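Structure first, then comments.
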Amino acid sequence: MSVAAVLTAAGSGSRLGHSLPKALVPLGGQSLVAHAARNLLAARAAGDDRVRVLVVTAPAFHVDAIARELADLTDQVALLVVAGGATRQASVAAGLAALVADPRGAEADVVLVHDAARPLAPASLVARVIDAVRDGHPAVVPGVPVTDTIKRVAPHRGVTVEPVLETVPRTVLRAIQTPQGFTTELLLRAHAHGAEDAHDEALSASDDAGLVERLGEPVWVVAGDARAAKITTLRDLQVADLPTESDE
Ligand SMILES: Nc1ccn([C@@H]2O[C@H](COP(=O)(O)OP(=O)(O)OP(=O)(O)O)[C@@H](O)[C@H]2O)c(=O)n1
Ligand SMILES: C[C@](O)(CO)[C@H](O)COP(=O)(O)O
C-alpha cells in the first residue's frame, strides 16, 4: 500500500506568454514544476504515509528538460517523466498508463493528481487530501469558499453585454484546487470511462474528480488553501512571488 502522484506539467502556458513552457518558468529561483514536486514530496500524512512514486507529464519536446529539473529528487522518490497529451485529461491518462506499467507504481493504492500550475500548494494540504482518502473517501478534492457573487449568464458569440439568468447561492459553492486524491481503482475506472473524450478540449474533463462524477460516484471536498492558487497569467506569477507565511 503506497501513495503515488501524477504531476501535470505538459501545458504550454499560452496565457502566461513566457518563452518557456509554464512548468519550467522560474519562481523565486526554482521552476514551477520543481516547487510543486518538492511540496508533494514534503507531505507526511498519518503514519508517515507519503508519495513514493511520482509521474510527471511533460511537453513532448521537454521530457528531458523536466527530468533534468527534477533529477535531484530521485533519492527521495521513484520518478518517471512522460510526454503528456493534447488536453489535461489526456496528460493525466498518459501519466496513469506509465504509473501502472511500472512495478513500483502498480503497488500504489492511492493516487494524487496535482498541477505544476499550483506550485505553492503546501505539504499540509497534500497530507490532508491523503488522510481523507485513507479515512474512507475514495475521491477527495480541496476546495475554498467562493467570495465573489456568482451569476449565471447566457453567453452569445460576439455579444459583449450578456443577460443574467440568476444569482447562484454562493454558500454551497467551492472553487476546486489540486492535489486531488483517489483510490487507484476508482481513478483508473473514471479515466477508462471518460477516455473517448480525452483528446477533445471541449469535451474532456477540466479535473479528475469530474470524471468520477461522470461515473456517478461520490466526490468529497476538504478545506483547500489559498497558497494552492493556480498560476495562469503573468499577474498570478507576480502574486505568487510575493512574500507569504510559510507552511506549518
Ligand atoms: N495538455 C495539457 C494541458 C495542461 N496540462 C497541465 O494541466 C495543468 C493546468 O493547466 P493550465 O493551467 O491550463 O496550463 P496550460 O494548459 O499550460 O495553460 P494555457 O491554457 O494558458 O496554455 C498545468 O499544470 C498544465 O501543465 C497538461 O499536463 N497537459
Ligand atoms: C484541475 C484544476 O486545477 C482544478 O481547479 C483545473 O480544473 C485545471 O483547469 P485548466 O483549465 O486545465 O487550467
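Simple rule: put +1 on each Lys or Arg Cβ and -1 on each Asp or Glu Cβ in the chain, find the dipole, and look at 96, 26, 51; the Cα lying farthest toward the positive end is 26. Placing unit charges on the Cβ atoms only, positive for Lys and Arg and negative for Asp and Glu, gives the chain a dipole magnitude near 480 debye about its Cα centre. At a Förster distance of 51 Å, what's the computed FRET efficiency of residue 42 paired with residue 156, Cβ-Cβ distance as r, to 0.05? So the FRET efficiency works out to roughly 0.60. Put a plus charge on the Cβ of each Lys and Arg, a minus charge on the Cβ of each Asp and Glu, and nothing anywhere else: the dipole of segment 54-133 about its Cα centre is then about 260 debye.
Residues considered: 48, 102, 236. Largest GNM mean-square fluctuation over the chain, using C-alpha springs under 10 Å, is found at 48.
Model label points for residue 234 and residue 166, set 7 angstrom from Cα along the Cα-to-Cβ axis, are 4.0 nm apart. Each of the peptides 54-64, 108-118, 147-157, 20-30 was scored by the mean count of other Cβ atoms within 10 Å over its residues; in descending order, highest first, they stand as 108-118, 54-64, 20-30, 147-157.
Specify which residue in the list 233, 156, 142 is farthest towards the positive end of the charge dipole of the chain, using unit charges on the beta carbon of Lys, Arg (+1) and Asp, Glu (-1), about the Cα centre. With unit charges placed on the Cβ atoms, the residue in question is 156. Ranking of 135, 225 by neighbouring Cβ atoms within 10 Å, starting from the fewest: 135, 225.
The GNM of the chain, with springs linking C-alpha atoms under 10 angstrom apart, assigns the highest mean-square fluctuation among 201, 166, 213 to 166.
All of the numbers you see were taken from the coordinates with simple rules; none came from a lab. This structure is a prediction, so every number in the text was calculated from the model and none was measured. Backbone-built Cβ (ideal geometry, glycine too); neighbour counts: all protein chains shown.
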